[in-house]
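Step one of this worksheet: look at the structure below.
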Amino acid sequence: MPYLTNASEINAIIAKYTQAQTLWIDTEVADYKSRNPRLSLIQVLDDPYDMSGDRVHLLDVLDRPDTIAEFIEKIMLNPDIEKVFHNASYDLKLLGNKRAKNITCTLELAKSIPYYLLPLPNYQLKTLAIALCNFHNIDKQEQNSDWGKRPLTEEQIDYAYLDCIYLAQVHLKLLELQSKTSPDPTTEDLVLLGERYTQVEQQSQLLNSELEHLQERIKKAMQAQNVSETSYCKLTSYERKTVKVAFAELVRLVETQGINLDFPITLTQKLQKDLGENLEQLSVDIDETTAWRLTPKNQESDI
């Protein structure tokens, strides 16, 4: 895991990375709890199958705004390079933010996979690496170490390069799982799908019933005990205000005041019925779409 501290060497590897198709990237941040966090390291891997760490470069960018700007310009803003992060929104705050292009987030990818394929208590990188890739003895202790201090310790350097390896391996496994979520519909076994659907639907109804019941109990208890926030939820109040006016009165106001209120109105089935044959006198645009709805058959109750 080459640890680069020389600006010219870092710029050289950045130039090399502009030819990459995909990069797996992690960052370490100094003073991350302060108002002015500082980017300390950018770790980059360009070969997901390298498990040795030789293809991971640690770019020391602490207090080097020009080097960071070079990385953002050449890599982060380049739409031709896929950049893979875990919890990308955190890293992007210091790496181009919303200007960054072609970003893949393994956290979001993991969340998009159905629970039955990825039954995990959380989607932290450590959890995914253990469950999907059989990595063990993952030590995250250095994550909260002082990344603003130089020189870095050997433990910090080992931690930094290993996270890139975990990230790349997790990404590959998630892509395999993702492919299973979209099988060929022409070869699906509708009997097995139906059995599983019925089972999950029944469980869902029971869980939703209990969830709604618990929500009401919690709201009432928090109101009665004058508690606005707990470790797992916050109670907030809001007012709904609905303004209604007779349609004829609105038309009269528009006509008398010359208000430009010309916009299309969606005619519901009731409005169409009320208009009757008068509908033919209107110039209407008709959008026709076909929607499919899955309606479970009601099971007959035993009497």
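The values are calculated or read from the model by the stated rules, or taken from the named source; none is laboratory data. In this text, all values refer to a predicted model and were calculated from it rather than measured experimentally. Positions of Cβ are generated from backbone atoms using ideal geometry, with glycine treated the same way; all protein chains shown enter the neighbour counts. Note: areas computed on protein heavy atoms with side chains; ligands, DNA, RNA excluded. Shrake-Rupley method; radii C 1.70, N 1.55, O 1.52, S 1.80 Å.
Restricting attention to the range 69-129, lysine pairs at least eight places apart or on different chains and with alpha-carbon atoms under 24 angstrom apart total 15. Highest-first packing order for the peptide set 219-230, 254-265 is 219-230, 254-265, based on the mean count of other beta carbon atoms within 10 Å. Against the chain, whose longest principal axis comes from its Cα atoms, helix 7-17 is set at around 50 degrees. Using the 1.4 Å probe convention, the accessible area of the range 124-193 works out to 60 Å² per residue with neighbouring protein chains retained. Solvent exposure of the range 197-249 amounts to 100 Å² per residue of accessible area, where only protein heavy atoms count and the probe is 1.4 Å.
Across the protein chains, with a 1.4 Å probe defining accessible surface, the residues E280, E9 rank E280, E9 from largest area downward.
Treating cross-link reach as a plain straight distance, find the lysines whose alpha-carbon is under 21 Å from the alpha-carbon of K244, omitting any fewer than eight places away in the same chain. Result set, ordered by chain and number: K270.
Find the percent of Cα-Cα distances in the range 149-265 that exceed 16 Å, and round it to a whole number. Tail of P(r) above 16 Å: 83 percent of Cα pairs. Largest accessible area first, the residues T106, T289, T181, T127 order themselves as T289, T181, T127, T106 under a 1.4 Å probe with ligands, DNA and RNA left out. Per residue, the average separation of C-alpha pairs within less than 8 Å and at least 6 apart gives the chain a relative contact order of 15 percent. Against the chain, whose longest principal axis is taken from its Cα atoms, helix 190-224 shows a tilt of about 90°. Measuring nothing but protein heavy atoms, the accessible surface of the chain at 1.4 Å probe radius is 50 percent carbon and sulfur. Estimated purely from DSSP H runs of n ≥ 4, each contributing -39500 (n - 2.57), the mean residue ellipticity at 222 nm for the chain is -12500 deg cm²/dmol once divided by its residues.
Relative to one another, the C-alpha centroids of the range 1-70 and the range 76-114 are positioned 15 Å apart. Sorting C164, C105 by accessible area puts them as C105, C164; the probe is 1.4 Å, largest comes first, and only protein heavy atoms count.
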